[in-house]
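Notes to accompany the following structure.
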Amino acid sequence: MNVKEAYDYSFAFLKANGVDEAENKALNAVCCIAGIKLGEFQSHKDDFVNMKRLADFLWRLKTGEPLQYVMGKWDFYESEFFVGEGVLIPRPETEELTELVIDYAKSLEKPVIFDLCSGSGCIGISVAKKLSNAFVYCIEKSKDAYKYLERNAKGVANVECILGDINNEFDLPSADIIVSNPPYIKSGDMKTLQKEVKKEPSMALDGGDDGLDFYRIINDKWKKYLKDNGRLFLEIGEDEGESIKDALSAFSNITVKKDLSGNDRMVVADKVIG
Ligand code: GLN
């Protein structure tokens, strides 16, 4: 089959099997297998598509596996990240947090940055790639996620990956910036997640009873790693804009920012000195 035929077939197959976003998934799957960008579909309509791979992709999508896992990689900010079972899929709202960090870090001479609960490393590695004068430590405790982190950081000289739990102590230089997209979904809401999100690691999503467990750890254990004029950047759940202020008692100038969908999504805060 060529690209056009494979797309028509995939769309019909996914739709018939009740897979949501069938059109988008069919397009992404076929382009991925044909090795072309989405925008190249028209000009490559007659390219050959490996049917064995397509059959495998379609079968996995039918079972509810996320498109990103099936493809094995996903675009985030300005590069592609390897993803698969065991690691959180990078999301567009996290690109906004990454942009905030880059904008701030640009003004610093040789910023030291920690990316806590790094997952695929999408935030930290994107910042490191953009700012060659920065040095980024990416910390992740899941061994499965860490494999992706290491793979994604390969060849990026200004990133160090650390396998570790943010509850523990680390031997690190003081940081100018701490950034994190920690698990923030309330434990009680975990069962209401979309079928495909349920295939992502609960360890990367479940933030405890009120969703704030990891912000408390960051507040209690990580302030000491920040320089006095250091700054904290966090992603939060859309209903956590108010409660986050109580959780971050060791920080001041706590500003909640909205994402492009208009939901509270990011927090920027300064360290309280002393
Ligand atoms: N944004 C993710 C979701 O809603 C949650 C990510 C996280 O817990 N850090 O699925």
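Readers should treat all values here as calculations from the given coordinates under stated rules, not as data from a laboratory. Bear in mind that the values here come from a model prediction, so they are computed numbers and not experimental data. No Cβ is skipped: glycine too gets one built from the backbone with ideal geometry, and neighbour counts run over all protein chains shown.
Based on the alpha carbons, how large is the Rg to Rh ratio for the chain when Rh follows Kirkwood?
Answer for the chain: 1.01.
At what distance in nm do the modelled label points of Q194 and E238 sit from each other, each positioned 7 Å from its Cα along Cα→Cβ?
It works out to 1.2 nm between the two label points.
With charges only on Cβ, +1 for K and R and -1 for D and E, what is the dipole size of the chain about its Cα centre, in debye, rounded to 20? Can you show the working numbers first?
Numbers: 36 positive and 47 negative charges, 120 e Å.
The dipole magnitude comes to about 580 debye.
Lys/Arg Cβ at +1, Asp/Glu Cβ at -1, dipole of segment 170-243 taken about the Cα centre: which of T192, L172, I236 is farthest positive-ward?
Checking the options against the dipole of segment 170-243, the answer is L172.
Among 36-45, 62-71, how do they line up from the highest to the lowest mean number of other beta-carbon atoms within 10 Å?
62-71, 36-45
Please compare each pair in K110/K271; K73/K110; K223/K257; K110/K154; K73/K141; K147/K224 to a cut-off of 24 Å on the Cα-Cα distance and tell me which ones are over it.
Working: K110/K271 19 Å; K73/K110 30 Å; K223/K257 21 Å; K110/K154 21 Å; K73/K141 21 Å; K147/K224 28 Å.
Too far apart for the 24 Å limit: K73/K110; K147/K224.
Each label point is 7 Å from the Cα along the Cα-to-Cβ direction; what then is the distance between the points at R151 and V272, in nm?
Spacing of the two 7 Å Cα→Cβ label points: 4.3 nm.
Cross-link partners among aspartates and glutamates for K245, C-alpha distance below 15 Å, same-chain residues fewer than 8 apart left out?
Answer for K245, where 15 Å is the Cα cut-off: D210, D213, D220, E235, D264, D270, listed by chain and number.
Going by average Cβ density within 10 Å per residue, which order do the peptides 96-107, 137-148 take, highest to lowest?
The densest-packed peptide leads the list: 137-148, 96-107.
Helix check for the chain. Which DSSP H runs span at least 30 Å along their own axis by Cα, with a mean Kyte-Doolittle hydropathy no less than 0.5? Present the calculation step by step, with values, prior to reporting the outcome.
Details: long enough: none.
Going by DSSP H runs, there are no hits.
Subtract the Cα-Cα distance of E40 and S252 from 0.36 nm times their separation in residues, and report this length gain in nm to one decimal. Walk me through the intermediate numbers first.
Details: separation 212, 0.36 × 212 = 76.32 nm, distance 4.81 nm.
Between E40 and S252, full extension yields an extra 71.5 nm.
I'd like the antiparallel share, as a percent to the nearest 5, of DSSP beta bridges with both residues in segment 20-158.
Roughly 45 percent of the beta bridges in segment 20-158 run antiparallel, per DSSP.
Do the sum for the chain: with -39,500 (n - 2.57) for every DSSP H run of n ≥ 4, divided by all residues, what is the mean residue ellipticity at 222 nm, to the nearest 500 deg cm²/dmol?
On the way: 9 runs with 92 residues, N = 274.
Value at 222 nm, helices only: -10000 deg cm²/dmol.
At 0.36 nm per residue, and after removing the present C-alpha to C-alpha distance, how many nm does the segment from S107 to N229 gain when stretched out fully? Intermediate results must be reported in sequence, preceding the final value.
On the way: separation 122, 0.36 × 122 = 43.92 nm, distance 1.31 nm.
Extra length available between S107 and N229 comes to 42.6 nm.
How many percent of DSSP beta bridges within the chain run antiparallel, rounded to 5?
Roughly 45 percent of the beta bridges in the chain run antiparallel, per DSSP.
Would you work out which of L163, G18, S249 lies farthest towards the positive end of the dipole of the chain? Charges go on Cβ: Lys and Arg +1, Asp and Glu -1.
After comparing all options, I get L163.
Residue by residue, what Karplus-based ³J(HN,Hα) values in Hz, rounded to whole numbers, does segment 174-187 have, using 6.51, -1.76 and 1.60 with θ = phi - 60° and x for Gly and Pro?
Per-residue couplings from phi come out as 5, 9, 7, 9, 10, 10, 7, 10, x, x, 9, 7, 5, 3 Hz.
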